1. Take 52, 63 and order them by how many other Cβ atoms sit within 10 Å, fewest up front.
2. Once Rh is set to the Kirkwood radius over Cα pairs, what Stokes-Einstein translational diffusion coefficient, in µm²/s, holds for the chain at a temperature of 20 °C and a viscosity of 1.002 mPa s?
3. Would you mind checking which residues have amide H under 5 Å from residue 192's amide H? H placed 1.01 Å from N; only 5 or more apart, or other chain.
4. Among 124, 217, which comes first, second and so on when ranked by fewest other beta-carbon atoms within 10 Å?
5. Summing -39500 (n - 2.57) over the DSSP H runs of n ≥ 4 in the chain and dividing by its residue number, what mean residue ellipticity at 222 nm do you reach, to the nearest 500 deg cm²/dmol?
6. Could you give the longest part of the chain that holds none of the chymotrypsin sites (Phe, Trp or Tyr not before Pro) found in DSSP loops with at most 16 neighbouring Cβ atoms within 10 Å?
Amino acid sequence: MSDLQFRGPINGTTGTSVPFTSDITGAQRITDAHGRFYEAASRGYLFSAGMTVTSISNITFTTSTLGATCTPIIGVWNPMNSGKNIIVLQARLQIVMTTLGARTGPGTFMWATSVNQSAITTGITPLSRLSLTASGAVGKGFANTALTNLSGSLTVQEASGLQGGPMPVSGTDVLGVVPYAAPSVDNIDGAFVLVPGSIMALLCTTTPVGVSAASSILWEEVPTLQ
């Protein structure tokens, strides 16, 4: 491999050697090569799942329901013997108030997990961020979908970075004022790794009244290390 810099980008196959590259003035290029998730998406490893705006005004969306009737606002399950680890990258949430006047807010949002789950029979077929089709993933998404045949219960782990806006747990709107809940993003960035048999779910802590949500979760699937 030459130790001289090459002016401009170089396209090639994986595993080939290339010199450092520079711009047309000879200055070494130090900018990001691609977008943050490009590598995983372009190789077909990146997947997502979510739901359109859906009422979450039910106790099954909360930490009061941690068994097989739990319906995550968003979540993902890595089936047993999948041969892949699921690297959770990001979750997004949008809250919509659907009732004027008295309503109950969702409280805080928590991540809950469980391991050694092999018998769940439900789930959403995820979207491939490369083909834009519902195919190619080993994981199953959950959003307004019960964890049918979950063994035991989920365990509440920690607060998420998602929130439902400046809304009291319960109360009545001030005349002419409707609370606004800004969309929120939890950049997990691989801090949760779901080995085969693991599941991760987002739940709220208070049973909402007059509240709907739209949600999304993004993950990468990589082979397990032997």
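FYI, it's all coordinate maths here, none of it is from the lab. Everything numeric in this text was worked out from a predicted model, so none of it was measured. So basically every Cβ, Gly included, is an ideal-geometry build from the backbone, and we count neighbours across all protein chains shown.
1. Fewest-to-most ranking of 52, 63: 52, 63.
2. 110 µm²/s
3. Under 5 Å from the amide H of residue 192: 88.
4. Ranked by crowding around the Cβ, least crowded first: 124, 217.
5. -500 deg cm²/dmol
6. The longest uninterrupted stretch comes out as 38-179.
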